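Contents: one structure, followed by commentary.
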Amino acid sequence: MSILLRHVIPPPHSVLCSTSEKSKLNFPSFRNPRFSFSKIKATAATLMASTTKKVLVPIANGTEPIEAVITIDVLRRGGADVTVASIEKQTRVDATYDVKLVADSLLSECSDAVFDLITLPGGIPGATNFKNCQLLEKLVKKQAEDGKLYAAVCASPAVAFGSWGLLNGLKATCHPFFMDELKSSGATTVESRVHEEGNVVTSRGPGTTMEFAVALVQKLFGKEKADEVSGPLVMRSNHGDEYSIKELNPMQWTFDNVPQVLVPIANGTEEMEAIIIIDILRRAKVNVVVASVEDSLEILASRKVKLEADMLLDEAAKLSYDLIVLPGGLGGAQAFAKSEKLVNMLKKQRESNRPYGAMCASPALVLEPHGLLKGKKATAFPAMCNKLSDPSEIENRVVVDGNLITSRGPGTTIEFALGIVEKLFGRDKALELAKPMLFTHP
């Protein structure tokens, strides 16, 4: 990922001072041969190189995609130069819940690089694959020896860090299923959602990963940057509490046998939103079809995460769905709005009174201009809510109005996905999923 540093050059002092003032202050003249813009550019490049924080996020077959993608996305929002590296023999990995992620490089290509932070997502067997990767073990151990940041979430603190002896004598947390293993590694276990101990940061599961990622931004860049990043995420303030949705005009969402759900993706789709929806619905045993509206299966999401769809939209359009649900992301929503085929599918869904939904930018940029919010209450990303014709329910994190469900942003996506599960299977099923994800208290 490249970061653009905009070096603002102050105006020539001659614009600001009189001739006599200039002579007293002795500012360089633009005619002075010793003064050049090339020197300023070189200084800017040096400054950028010295302040850019480099982060390594390894991924493997069996990695938990919510944990990987949230970590990558949030760190890139904070300005980190994140390298996503596959420990497998190819860049594409098969994450849990049949999610396909494509890394930036192979881990073997990163062996000589220096990182300010190495952070591991969880997932089984992903964490076990990390544990058995000798190169990754070598890199993380060196990170610890050099006094640099290293972090892990879910199973990885116990399965990887614990087995490598990196938590001995330290306090740490992990997924509840692995707390005994963490304790046996010599760590003092704590049940914090995120725990910081010196240069080590650990966390518990998919439902704590956004808090974990923001904590990493704060460790790298400071609290001001962390606050700047967390605001647009629309995070919850009551972490761990049960979620709630605002429902109007209740109706039963019906399906035959197994619910069939279409999740379109496009270049510019918000990767956190897409992956959370796909992951949680597949946990609920929903048949989720991920369809690319582009000309290829692989798309480049809003924070440069590479995702691979199951099929192209042309093929997906041959099937019928119990629900069509759109993630957000500005570029992705714009691509959805331009897709005549997708818009027609949504219109048919509405006309047949079958459920459809959207979140973040998509309610405002896709549903509203195509008349798909007519007579409906909805919400959207805060900065987009002025585009909704009826703003009466916009402050709610998730709004269900009959066969329509909408939500606000990355930090509301787990609630949004659980709201869909609740409408399909009931609230007990949704809470059953929320607890092992550590979204609500176990």
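The values are calculated or read from the model by the stated rules, or taken from the named source; none is laboratory data. If you're wondering where the values come from, they're calculated on a predicted model, not measured in any experiment. Positions of Cβ are generated from backbone atoms using ideal geometry, with glycine treated the same way; all protein chains shown enter the neighbour counts. To get the accessible areas, we keep the full protein, side chains included, count just its heavy atoms, and leave off ligands, DNA and RNA. Shrake-Rupley method; radii C 1.70, N 1.55, O 1.52, S 1.80 Å.
Which one is nearest to GLY328 (Cα to Cα), of the residues in the stretch 350-396 that are open to solvent by 40 Å² or more (accessible area, probe 1.4 Å) and touching a Cys at 6+ places or on another chain (Cβ under 8 Å)?
Only one residue fits best here, namely PHE381.
When the stretch 199-216 is examined, which residues are found to be in contact with a His (Cβ under 8 Å, 6 or more places away or on another chain) and part of a helix (DSSP H, G or I)?
Residues satisfying the conditions are THR208, GLU211.
SER302: hydroxyl-bearing (Ser, Thr, Tyr), within 30 Å of GLN90 (Cα to Cα) and open to solvent by 10 Å² or more (accessible area, probe 1.4 Å), yes or no?
Yes.
Going through ASN267, ASN249, ASN238 one at a time, which residue ends up being surrounded by fewer than 16 Cβ atoms within 10 Å (Cβ to Cβ), in contact (Cβ under 8 Å) with a residue 24 or more places away in the chain and either within 20 Å of the chain's Cα centre (by Cα) or at positive phi (or both)?
ASN249
Do you know which residues across the stretch 405-426 are surrounded by fewer than 24 Cβ atoms within 10 Å (Cβ to Cβ) and not in a helix (DSSP H, G or I)?
Listed by number, the list holds a single entry, GLY426.
Determine whether the stretch 221-230 contains at least one residue that is buried (at least 24 other Cβ atoms within 10 Å of the Cβ) and of a type in the set (A, V, I, L, M).
Within the stretch 221-230, none of the residues are buried (at least 24 other Cβ atoms within 10 Å of the Cβ) and of a type in the set (A, V, I, L, M).
VAL74 versus (1) in contact (Cβ under 8 Å) with a residue 40 or more places away in the chain; (2) of a type in the set (A, V, I, L, M); (3) surrounded by fewer than 24 Cβ atoms within 10 Å (Cβ to Cβ): which is the lone unmet condition?
Condition (3) is where VAL74 drops out.
Report every pair of residues separated by at least 6 positions or lying on different chains whose Cβ atoms are under 7 Å apart, first residue within the stretch 118-139 and within 13 Å of ALA151 (Cα to Cα), second buried (at least 22 other Cβ atoms within 10 Å of the Cβ) and charged (D, E, K, R).
PRO121/GLU64; PRO121/GLU67; GLY122/GLU64; GLY122/GLU67
For (1) among the acidic types (Asp, Glu); (2) touching an Asp or Glu at 6+ places or on another chain (Cβ under 7 Å), each residue gets a yes or a no:
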{"site": "GLN349", "(1), (2)": "no, no"}
{"site": "ARG354", "(1), (2)": "no, yes"}
{"site": "GLY371", "(1), (2)": "no, no"}
{"site": "MET384", "(1), (2)": "no, no"}
{"site": "LYS387", "(1), (2)": "no, yes"}
{"site": "THR412", "(1), (2)": "no, no"}
{"site": "LEU418", "(1), (2)": "no, no"}
{"site": "GLU432", "(1), (2)": "yes, no"}
{"site": "PRO436", "(1), (2)": "no, no"}
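I'd like to check which strands (runs of 3 or more DSSP E) are fully inside the stretch 221-327 and have at least 2 residues that are not hydrophobic (A, V, I, L, M, F, W, C).
246-248, 260-265, 287-292, 306-308
Please go through the stretch 337-362 and pick out each residue that is outside any strand (DSSP E or B) and under 20 Å from the mean Cα position of the chain (by Cα).
CYS360, ALA361, SER362 - these are the residues of the stretch 337-362 that are outside any strand (DSSP E or B) and under 20 Å from the mean Cα position of the chain (by Cα).
Take the stretch 57-71 and flag every residue that is surrounded by fewer than 24 Cβ atoms within 10 Å (Cβ to Cβ) and of a type in the set (A, V, I, L, M, F, W, C).
None - no residue of the stretch 57-71 is surrounded by fewer than 24 Cβ atoms within 10 Å (Cβ to Cβ) and of a type in the set (A, V, I, L, M, F, W, C), so the list stays empty.
Checking the conditions here, which among GLU340, GLU315, GLU351, GLU393 is charged (D, E, K, R), modelled with pLDDT of 95 or more and farther than 25 Å from PRO259 by Cα?
GLU393
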